[in-house]
Ligand code: CUA
């Protein structure tokens, strides 16, 4: 029951953080290895348990009986058997393990791979595409095309982990680690930083959207475009645009054509994301206002300072940001 509850806790509204439902070639290889090793382990367990049961119930003395005769102190046949047996088992386990290690870390990018730069920050993820598109905490990739992630850190060690798309890969300052895979099933897969990186390590989440190639191309085009124009008729949002342009937000956040900050996430297409605060909150106007007014409540230790605005001004700013599709 406790285990069932613990496992249920890993499910994000129908999107499980499971390693047992692979949706990429890499995750499938790891799953195959897991099953192969588990089968060998099960065979060994069965042999050990059988030997144990035999020893306890068959080869033991009963009350009143003499102790059974012990085997000869050296038996060459037995010596060879229990040296070769474990060696064989180790070989059966190590061969597929080593094969999977090399397979999962190709030195070169596969032909036609889409290379995406991933920068880990305390506590959010930045994704930069080769065509200039840039987003935060929500990675879009096309299905059935090799993806090569180039993982960098802006500060300390993090670890990139999307259980359904593959194993963890450390993100280490001063070097670029790679993660290469082909996602095979369109859908949304939750990810999480898997290396303790400070107060809000647990709040360093993200989402990977595996899109059909056409949908990905559409998304990419939209991200490359400038920010959504604020219709002159939308008074609230155009007031919000002015509030943003004159706020300290511009120091850290970029909205292309409006501000040049780069310390925090690029907000040019903020309204097109489903979540905010590194996947912690759903992207709704209420949550955006809550986040801006008190980031520490959602993400303790976050670098973002609170921006205290009277209600109407906050509503205008939120309307502007949500309009940045
Ligand atoms: Cu980043 Cu834990």
Among the strands (runs of 3 or more DSSP E) confined wholly to segment 29-142, which include 3 or more residues that are more than 16 Å from the ligand (Cβ to nearest atom)?
114-121, 138-142
Only one of 206, 244, 216 is buried (at least 19 other Cβ atoms within 10 Å of the Cβ), closer than 22 Å to residue 281 by Cβ and modelled with pLDDT of 95 or more. Can you tell me which?
206
Taking segment 265-274, which residues are touching a residue at least 60 places away in the same chain (Cβ under 8 Å) and buried (at least 18 other Cβ atoms within 10 Å of the Cβ)?
265, 266, 268, 269, 273
Residue 188 meets each of (1) within 16 Å of the ligand (Cβ to nearest atom); (2) farther than 21 Å from residue 110 by Cα; (3) under 13 Å from the mean Cα position of the chain (by Cα) with one exception, condition (1)
For residue 283, are the conditions met, namely being buried (at least 16 other Cβ atoms within 10 Å of the Cβ) and without any contact (Cβ under 8 Å) to a residue 24 or more places away in the chain?
no
Out of (1) out of contact with any helix residue (DSSP H, G or I) (no Cβ under 7 Å at 6 or more places or on another chain); (2) under 26 Å from residue 254 (Cβ atoms), the odd one out for residue 212 is which?
(2)
When restricted to 229, 241, the only residue part of a loop (DSSP other than H, G, I, E, B), closer than 13 Å to residue 320 by Cα and not assigned by TED's automatic domain parsing to the domain that holds residue 186 is 229
Tell me yes or no: at least one residue of segment 245-257 is within 11 Å of residue 317 (Cβ to Cβ), assigned by TED's automatic domain parsing to the domain that holds residue 311, touching a helix residue (DSSP H, G or I) at 6+ places or on another chain (Cβ under 9 Å) and not in a loop (DSSP other than H, G, I, E, B).
yes
Residue 183: passes all of (1) surrounded by fewer than 17 Cβ atoms within 10 Å (Cβ to Cβ); (2) in contact (Cβ under 8 Å) with a residue 60 or more places away in the chain; (3) at negative phi but (1)
Out of 165, 199, which single residue is within 11 Å of the ligand (Cβ to nearest atom) and either surrounded by 15 or more Cβ atoms within 10 Å (Cβ to Cβ) or part of a loop (DSSP other than H, G, I, E, B) (or both)?
199
Whichever residue in segment 168-180 is surrounded by fewer than 17 Cβ atoms within 10 Å (Cβ to Cβ) and part of a strand (DSSP E or B) and, among such residues, is farthest from the ligand (Cβ to nearest atom)
178
Got a number for residues in segment 202-220 being more than 8 Å from the ligand (Cβ to nearest atom) and either outside the structural domain of residue 160 (by TED's automatic domain parsing) or in a loop (DSSP other than H, G, I, E, B) (or both)?
1
Taking segment 286-312, which residues are closer than 20 Å to residue 261 by Cα and either assigned to a helix (DSSP H, G or I) or at pLDDT 95 or above (or both)?
288, 291, 292, 293, 295
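The values are calculated or read from the model by the stated rules, or taken from the named source; none is laboratory data. Just so it is clear, the model here is predicted, and its values are computed rather than measured. Counting neighbours? That spans all protein chains shown, and the Cβs are built from the backbone with ideal geometry, glycine included.
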